[in-house]
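One structure is given here, and the rest of the page talks about it.
We did not get these values from a lab; they are worked out from the coordinates using the rules stated. Being a predicted model, the structure only gives us computed values, none of them experimental. Using ideal geometry, Cβ is built from the backbone for each residue, glycine included, and neighbour counts are taken over all protein chains shown.
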Amino acid sequence: MYSVQFTPSAREDLRWFRKFDQQRIISVIDAQLQHEPTVKTQQRKPLRPNQLAEWEVRSGVYRIFYDVIEEEDLVNIVAIGYKQGNKLYIRGKEYEL
């Protein structure tokens, strides 16, 4: 079982959402990332090389970006955002991957 930690920036990203959305995002993290976070599924996928993160898990419009430190069984959440069409927004500002 992997432990999950948030970067300070990811905590701020999470606080940006309404309480209902925060709970939904947390439940996705609990369900998807504590066991086998590096296994590709319909909701989880590795990303092409970028400056943000190695992996993405999605739930509806929400996107959770994370890195995995295998040696420590650790999932590090680095950013949380949402998509509208083809655009990704983090804390309400458009972000380019």
Amide H neighbours of L52 at under 5 Å, excluding residues fewer than 5 places away on the same chain, with H built from the backbone geometry, are none
Alpha-carbon centroid distance for the pair the stretch 39-97 / the stretch 10-29, whole angstrom: 14
Karplus 3J(HN,Hα) series, Hz, for the stretch 43-48 with 6.51 cos²θ - 1.76 cosθ + 1.60 (x for Gly, Pro): 8, 10, 8, x, 9, 5
Mind checking the dipole of the chain: about its Cα centre, +1 per Lys or Arg Cβ, -1 per Asp or Glu Cβ, Debye to the nearest 20? 700
Expected vector for the stretch 88-96, Karplus 3J(HN,Hα) from phi with 6.51, -1.76, 1.60 and θ = phi - 60°, integer Hz, x for Gly and Pro, equals 9, 10, 10, 6, x, 10, 5, 10, 9
Sorted on mean Cβ neighbours within 10 Å (highest first), peptides 17-25, 44-52 come out as 17-25, 44-52
